[in-house]
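A short reminder: the numbers here are calculations on the coordinates, not readings from a lab. Nothing here was measured: the structure is a model prediction, and the numbers come from that model. Don't worry about glycine lacking a Cβ; one is built from the backbone with ideal geometry, like all the others, and counts go over all protein chains shown.
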Amino acid sequence: MKIFKTFLISLGICVIVPSCENGSDSESKRKKIEALKLELEEINNEIIELEKDLQLLDVEVESALSRTLVTAFSSEISKFHHEIEIRASVASRENVLLTAESMGKIENIYVSEGQAVRKGQLLVSLNSEMLQNSIEEIKTQLNLANVLFEKQSNLWSQNIGTEIQYLQAQNKRESLNLRLKTLKSQLKMSNIIAPFDGVVDKIVAKMGEFSQPGLPMVRLINPKSNYLKADIPESLLGKFSVGDIVQIYFPNENRNQSSVISSLGQVINDQNRTFELEVVMPELNFAVSPNQVVIIRLVDYSNDEAIIVPSKLVQKDNRGSFIYVLGGNNEDKKAIKAYVSTGYSFDDRTEIVSGLIEHQMVIDKGYRALTQGSLVEITVDK
């Protein structure tokens, strides 16, 4: 009986102890749950705040991304000119092909190609033995005729002899003088003489050949007489004046020189509707040859008070030509189409005749990404 009581007491203690332990653990879990709930509430509040900040940041980013970065410059009045390129050629005022004036065998050639010669210098001679013999014969006859004329003149002054004898002696002397002059002219024609200072460009004559009148013998040129000539379209009549500056490009040498217009043709060629323009040949340190092709650049339009923009900025739509300029206020700058009238274009620049005023801000880089009213942000061009 005592043992049974002891067992019941022990059993009651075992039941009570776990119950106490369970009660303590439950309270701990409740507290932990409460703490976690508070922590969760703080996290949720922080998330809400971060989401609000993120929304504001997204708006700012979106606003920034909606603006196009561009550069701009102020339109200014400056000098502008337009040039045209014309093909020209080298010409010479002293470039001749000397020919034979009489028949005869080519006896001597006194010069070589490339040789510099002086005016009056003998270049080529023909065999003139017969002419020289005839001249000597005439000289002998002329000496006798002079003596006879002097004697007959003395007699006539003393009233001795007849007038007919005097006139015959006079006529004989004059006739021989004229004949001698003719033979000397013929002898001169058997020689090729340099008509001016120059350079022997080509020798066609060959020793021993028989020449005929008009047969080419020697080409003589004077480089100092070179000039440039060009055929200018009739549409450019009145655009140029004597003394205007001309830029010359020599393709063979890849060099540029400047010169001036020396002459303007007054007649229009009815075959190609052009007029001739001549340019002074500048001093060169390289050789040029007649008929060599060059390029000349002429100013056919100039304006000292022009507003010009890069040609690439001029665009077109169904209303006409336009460029983008800055509009709006300091906070919200916009791209605005400014419709313009254009003039000449040259060297990647275009003259704006109307539609743009001085000091107006013209959009440069970034203009291709714009539309009417686009928001823009000015950036510094680096």
Rounded tilt (10° steps) of 163-189 against the dominant C-alpha axis of the chain: 30
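My understanding is that a pair violates if its Cα-Cα distance is over 30 Å; which of 119/206; 79/337; 312/334; 139/206 do that in this structure? Write down the numbers at each step before the final one.
Values: 119/206 22 Å; 79/337 25 Å; 312/334 20 Å; 139/206 33 Å.
Violating the 30 Å Cα-Cα cut-off are 139/206.
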Neighbour-count order for 331, 351, fewest beta carbons within 10 angstrom listed first: 331, 351
Net length gained if the chain between residue 49 and residue 207 were fully extended (0.36 nm per residue, minus Cα distance): 45.6 nm
Residue-span extension gain [residue 193 to residue 67] - 0.36 nm each, minus C-alpha spacing: 37.0 nm
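Evaluate the relative contact order of the stretch 261-374 (contact order divided by residue number), counting alpha-carbon pairs under 8 angstrom at least 6 apart; express in whole percent.
Details: 138 pairs, mean separation 22.6, N = 114.
Relative contact order, the stretch 261-374: 20 percent.
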Partner aspartates and glutamates for residue 181 [C-alpha distance under 20 Å; skip if fewer than 8 residues away on the same chain]: 101, 129, 136, 137
Over the chain, volume per residue of the alpha carbon convex hull, in Å³: 360
Assigned charges on the beta-carbon of Lys, Arg, Asp, Glu; the chain dipole about Cα centre (debye): 1660
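Taking 0.36 nm per residue of separation and subtracting the Cα-Cα distance, what length does fully extending residue 329 through residue 264 add?
Details: separation 65, 0.36 × 65 = 23.40 nm, distance 5.62 nm.
Length gained, residue 329 through residue 264: 17.8 nm.
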Residue 294 long-range amide H proximity, modeled H, under 5 Å: 88, 89, 90
Two-site label geometry, residue 99 and residue 153: point separation in nm, points 7 Å out along Cα→Cβ: 4.4
Under 17 Å from residue 239, Cα to Cα: lysines that are on another chain or at least 8 residues apart: 229
Placed amide H near residue 308: partners under 5 Å, 5+ positions off or other chain: 76, 78, 352
Positive-end residue, the chain charge dipole about Cα centroid, Cβ charges, pick of 362, 237, 142: 142
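Assuming a ≥ b ≥ c are the square roots of the Cα gyration tensor eigenvalues, decide whether the stretch 103-220 counts as rounded (a/c under 1.5), prolate (otherwise, with a/b larger than b/c) or oblate.
Working: a/c = 4.59, a/b = 3.15, b/c = 1.46.
Since a/c reaches 1.5 and a/b is larger than b/c, the shape of the stretch 103-220 is classed as prolate.
Can you tell me the relative contact order of the chain? Whole percent, Cα pairs under 8 Å, sequence separation 6 or more. Could the numbers behind the result be given before it?
Details: 639 pairs, mean separation 94.8, N = 382.
That works out to 25 percent.
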Cα long-axis angle, helix 2-65 against the chain (0 to 90 degrees, to the nearest 10): 30
Note, ³J(HN,Hα) from phi for the stretch 130-147, Karplus 6.51, -1.76, 1.60, rounded to Hz, x at Gly and Pro: 5, 5, 5, 5, 5, 5, 5, 5, 5, 4, 5, 5, 5, 4, 5, 5, 5, 5
Residues whose placed amide H lies under 5 Å from that of residue 301, excluding near-sequence neighbours: 82
For the stretch 268-283, Karplus couplings with θ = phi - 60° (6.51, -1.76, 1.60), whole Hz, Gly/Pro x: 8, 5, 6, 7, 10, 6, 10, 10, 8, 10, 10, 10, 5, 6, x, 5
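As a footprinting exposure proxy, order 365, 206 by other Cβ within 10 Å, with the fewest listed first.
By the 10 Å Cβ count, ascending: 206, 365.
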Computed [θ] at 222 nm, deg cm²/dmol, the chain (DSSP H ≥ 4; -39,500 (n - 2.57); rounded to nearest 500): -11500 deg cm²/dmol
Dipole magnitude (debye, nearest 20) for the stretch 103-220, charges at Cβ of Lys, Arg, Asp, Glu: 140
Of 176, 155, 302, farthest towards positive along the dipole that unit charges on Lys, Arg, Asp, Glu beta carbons give the chain: 155
Cβ-based exposure ranking for 197, 270, in which fewest neighbours within 10 Å come first: 270, 197
